[in-house]
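S.K.: Sharing a structure, written as structure tokens. Questions coming.
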Amino acid sequence: MAKEEIKYGKAVEELEGILERIQSGGVDIDDLTREVKRAVELIKLCKSKIEKTELEIKEVVKDFEKAKPEA
């Protein structure tokens, strides 16, 4: 079964929750490694989505510039 892709907003929300639990001391030392690993996964996912979106926006702007009528 393929792993379901998490939406950017949900990833950020989960990451904020992890950060809050770690900062408040709400993470047991036995779970800390798991939480940090998950946070790193989420950060990579968010970074990838931002980079992909940036490239897509640049392409849209480039296409728009090509389509502009010459004055």
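The values are calculated or read from the model by the stated rules, or taken from the named source; none is laboratory data. Computed from a predicted structure; not experimentally measured. Every residue, glycine among them, receives a Cβ derived from its backbone with ideal geometry; neighbour counts consider all protein chains shown. Accessible surface is based on the protein model in full, side chains and every heavy atom, while ligands, DNA and RNA are left aside. Shrake-Rupley method; radii C 1.70, N 1.55, O 1.52, S 1.80 Å.
S.K.: Among (1) in a loop (DSSP other than H, G, I, E, B); (2) in contact with a helix residue (DSSP H, G or I) (Cβ under 8 Å, 6 or more places away or on another chain); (3) of a type outside the set (Ser, Thr, Tyr), where does Lys49 come up short?
M.R.: (1)
S.K.: Filter the stretch 1-11 down to the residues that are touching a helix residue (DSSP H, G or I) at 6+ places or on another chain (Cβ under 9 Å) and assigned to a helix (DSSP H, G or I), then identify the one that is least open to solvent (accessible area, probe 1.4 Å).
M.R.: So the residue we want is Ala11.
S.K.: Another question about this same structure. Looking only at residues that are under 24 Å from Ile50 (Cβ atoms) and touching a Lys or Arg at 6+ places or on another chain (Cβ under 8 Å) in the stretch 12-30, which one is least open to solvent (accessible area, probe 1.4 Å)?
M.R.: Filtering first and then ranking leaves Ile18.
S.K.: Right, something else. Condition first: of a type in the set (Ser, Thr, Tyr) and either loosely packed, with under 11 Cβ neighbours inside 10 Å or in contact (Cβ under 8 Å) with a residue 40 or more places away in the chain (or both). Now tell me which residues in the stretch 31-61 satisfy that.
M.R.: Within the stretch 31-61, just Thr33 meets the criteria.
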